Amino acid sequence: MEKLVIHEVIVVEGRDDTTAIHRAVDADTIETNGSAISAMTIEKIRHAKRKTWRDYTNRS
């Protein structure tokens, strides 16, 4: 059975959440590693948002 493909990035808390997502669907994740989100993680989320929006608006 093929997995559903999610084109957006899913933000999760940790590695176990990423594992659960990957078991269910084909999607990229960003792990925050808890509630204290670092500046680097915020920048990864911003980058993913820009990339996803650009890809979404360029779809035929």
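I want the local charge near residue 18. Using Cβ-Cβ distances under 13 Å, sum +1 for each Lys or Arg and -1 for each Asp or Glu among the other residues. Once positives and negatives cancel, what remains is -4. Considering only 43, 31, 13, give the residue with the highest GNM mean-square fluctuation for the chain, with springs between Cα atoms whenever their separation is below 10 Å. Result: 43 has the largest fluctuation of those listed. Volume per residue of the convex hull around the Cα atoms, evaluated for the chain, comes out as 63 Å³.
Just how large is the dipole of the chain about the Cα centre, in debye to the nearest 20, putting +1 at every Lys and Arg Cβ and -1 at every Asp and Glu Cβ? Provide the component values of the computation, followed by the final result.
Values: 10 positive and 10 negative charges, 67 e Å.
Computed charge dipole of the chain: roughly 320 debye.
Between the residues 40, 21, 1, the greatest Cα displacement towards the positive end of the dipole of the chain, with unit charges on the Cβ of Lys, Arg, Asp and Glu, is found for 40. Using C-alpha pairs below 8 Å separated by at least 6 residues, the relative contact order for the chain is 34 percent.
Readers should treat all values here as calculations from the given coordinates under stated rules, not as data from a laboratory. No experiment lies behind these values; they were computed from the predicted model shown. Neighbour counts are summed over all protein chains in view; Cβ atoms, including those assigned to glycine, are modelled from backbone coordinates with ideal geometry.
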